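A short worksheet on the structure shown next.
The values are calculated or read from the model by the stated rules, or taken from the named source; none is laboratory data. Values in this document were obtained by computation on a predicted structure and should not be read as measured data. Here the Cβ is made from the backbone with ideal geometry for all residues, glycine too, and neighbour counts use every protein chain on show. To get the accessible areas, we keep the full protein, side chains included, count just its heavy atoms, and leave off ligands, DNA and RNA. Shrake-Rupley method; radii C 1.70, N 1.55, O 1.52, S 1.80 Å.
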Amino acid sequence: QVQFVESGGGLVQPGGSLRLSCAASGSIFSIYGMGWYRQAPGKQRELVATINTFGRINYADSVKGRFTISRDNAKNTVYLQMNSLKPEDTAVYYCNTPTVLYSWGQGTQVAVSS
């Protein structure tokens, strides 16, 4: 059974930074790429960044140049470094495997506000 535990969220002022972490149980890191998703109030969940097993990375246009995804296979952990945060980045952030979506974790809340 695969489980995701996200952490690192919080309240930050516009222009600030946060680093999110997602620890995954189960032996999936060597098999699947990983992705960070977010869901803002009243909106659908969207994919914001992916990193495959070879390290190839893609970003949504809305976060390109500000967010950086990385992974540590030895720790079964994927990270999302978020810089130059904007109020529109406010959302609950989740990780999952885009190829085969497993059950969602509890997510971590990010709030960007002055």
Quick one: what pairs do we get from the range 83-96, first residue farther than 13 Å from Ser114 by Cβ, second in a helix (DSSP H, G or I) and aromatic (Phe, Trp, Tyr), C-beta under 6 Å, 6+ apart or different chains? none
Would you confirm whether or not the range 23-38 contains a residue that is surrounded by 14 or more Cβ atoms within 10 Å (Cβ to Cβ), touching a residue at least 24 places away in the same chain (Cβ under 8 Å) and over 17 Å from Val2 (Cβ atoms)? yes
Please work out which one of (1) surrounded by fewer than 16 Cβ atoms within 10 Å (Cβ to Cβ); (2) at negative phi; (3) free of Cβ contacts under 8 Å to residues at least 12 places away in the same chain is the condition Tyr59 fails and give its number. (1)
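Are any residues in the range 21-65 hydroxyl-bearing (Ser, Thr, Tyr) and in a strand (DSSP E or B), and if so, which ones? Please lay out each step first, then the result.
Filtering the range 21-65 for residues hydroxyl-bearing (Ser, Thr, Tyr) gives 21, 25, 27, 30, 32, 37, 50, 53, 59, 62.
Of everything in the range 21-65, those that are hydroxyl-bearing (Ser, Thr, Tyr) and in a strand (DSSP E or B) turn out to be Ser21, Tyr37, Thr50, Tyr59.
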Residues being among the β-branched types (Val, Ile, Thr) and open to solvent by 10 Å² or more (accessible area, probe 1.4 Å): count how many of those fall in the range 70-111. 6
